[in-house]
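Some notes on the structure that comes next.
The values are calculated or read from the model by the stated rules, or taken from the named source; none is laboratory data. Being a predicted model, the structure only gives us computed values, none of them experimental. Heads up, the Cβs are rebuilt from the backbone with ideal geometry, glycines too, and the neighbour counts pull from every protein chain shown. We work out accessible area using only protein heavy atoms, side chains counted, and drop any ligands, DNA or RNA first. Shrake-Rupley method; radii C 1.70, N 1.55, O 1.52, S 1.80 Å.
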Amino acid sequence: MRQFDIAVVGAGLAGNLAALALADSGRSVALVAPPARAADGRTTALMDQSIAFLGTLGLWDEIAPHAAALETMQILDGTARLLRAPPVAFRSSEVGLAAFGYNIPNAPFLDVLDARIAATNAIVRVESGVTAANAFETGVELALDNGERVMASLVIGADGRKSKIRESAAIGVKAWSYPQAALVLNFSHERPHGNVSTEFHTESGPFTQVPLPGRRSSLVWVLPPQEAARLRALPLPDLSRAVEERMQSMLGKVSVEGGVQSFPLSGMTAERFGKGRIALVGEAAHAFPPIGAQGLNLSLRDIMALRELIADREPANDIDIGERFDRKRQADIRSRTLSVDLLNRSLLSDFLPVQFLRSAGLHLLSALGPLRGIVMREGIEPLGSLKALRSGLRERITRQQA
């Protein structure tokens with residue numbers, strides 16, 4: 001039986017990043033997952049806090065050439081309802097940033113992480129699936145599908161919505177579905193995007209264009225499942241015309257690239273995010289629709305919290321890390337999940353008071369710069385507006401004392 005200080009189960013973006021971040025602690029790390037991985041044509045938008053974290057891991061310089069800056073995020077009402085909202089533009093310069101974050105294609109992102117993991121001596125790659133996790137007082141034993149076993153002082157479940165680690169720990173989930181599917185694709189366009197991301201709010205959900213390097217963008221188009229299936233089956237020239245029409249030709253002629261994907265929309269949160277020597281990160285702990293660029297950013301905050309918890313601690317003291325991690329992550333995960341759920345449901349609702357509240361909220365954001373600043377900072381980092389206020393007060397006090 002091989003023994004490690006930490007075993008990370010799952011080798012997606014969250015699992016790979018967890019392995020690299022926790023290997024920095026000086027502990028031995030096993031990254032446990034089968035080698036096969038389907039091609040991933042999706043992209044991930046990471047906010048400023050997450051980009052800074054990639055920088056601390058020495059990864060950002062390798063990832064940056066594949067990424068496009070998100071300098072402006074605008075919301076347009078694409079509905080035909082009686083109560084329509086005004087356009088709202090969020091500009092990173094309003095909160096003193098060059099960019100809110102960056103949009104990164106998943107495939108080269110994963111390639112960079114794979115190469116760094118292979119070059120990191122503190123990480124051992126175990127290319128097998130986990131069939132069960134058995135917790136003992138001194139560690140957690142992982143049973144692998146090749147008959148081998150691995151023992152670790154701490155196990156990180158990063159193995160997705162159907163997490164075997166979560167199941168073995170007898171942690172329940174709350175799951176729900178939406179009458180929607182996400183059509184996900186990349187496309188080129190004749191006009192430059194100017195590092196502007198545009199989100200049309202429609203009766204079926206958001207239509208969100210996000211910049212990629214050059215004259216290319218990624219798209220998440222939320223639709224009724226039958227309509228998503230119909231569009232996905234169209235020849236690429238016909239789908240390109242449909243995308244251009246929905247965008248009102250904002251970026252000129254559109255050419256959709258191959259590899260169009262579609263996913264049913266659903267949400268899930270674990271009843272708790274850790275137990276004993278087990279902690280859950282990423283979609284093993286929480287999952288929700290691709291709205292508001294929150295998914296992997298939330299997962300990275302899981303990893304940052306874990307990194308803080310194990311700092312300067314001996315592996316023998318990991319016996320209650322699951323409970324401490326759970327307490328540390330509850331507020332952030334629950335609040336982000338609720339906000340994304342409410343936003344998505346508000347777009348689907350034909351109830352006039354709900355439409356009024358959504359429209360009124362966007363009117364306020366459009367008219368009030370300080371309120372816009374609070375929303376932008378909270379979108380980038382939890383309690384970001386409070387931190388900015390404290391920093392501003394300190395700076396003002398320093399100037400007065402000088």
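For segment 186-299, the share of accessible area belonging to carbon and sulfur comes to 53 percent (1.4 Å probe, ligands and nucleic acids excluded).
Are there trypsin sites (Lys or Arg not before Pro) in segment 137-218 that DSSP puts in a loop and that have at most 11 other Cβ atoms within 10 Å, and which ones? Let's see the in-between values first.
Details: sites: 149, 161, 162, 164, 166, 174, 215, 216; in loops: 161, 162, 215.
Those that pass, being in a loop and sparsely packed, are 162.
Histogrammed with a bin width of 10 Å, the alpha carbon distances of segment 86-161 distribute as 14, 27, 25, 16, 13, 5 percent, first bin at zero. Across 10 Å bins from the origin, how do the percents of Cα pairs in segment 193-261 run, short distances first? Per 10 Å bin, starting at zero, the Cα-Cα P(r) for segment 193-261 comes out as 20, 57, 22, 1 percent. When the residues 102, 178 are ordered by accessible surface, computed with a 1.4 Å probe over the protein chains alone, the sequence from largest down reads 102, 178.
Using a Förster radius of 35 Å, what is the FRET efficiency between residue 25 and residue 266 based on their Cβ-Cβ separation? Nearest 0.05, please.
That gives a FRET efficiency of 0.55.
Placing +1 on the Cβ of every Lys and Arg and -1 on the Cβ of every Asp and Glu, with no other charges, gives segment 70-204 a dipole of roughly 300 debye about its Cα centre. Assuming charge only on the beta carbon of Lys and Arg (+1) and of Asp and Glu (-1), the dipole of segment 216-323 about its Cα centre is about 440 debye to the nearest 20.
What share of Cα pairs, in percent, lie more than 22 angstrom apart in segment 208-308? The answer is 47 percent, as a whole percent.
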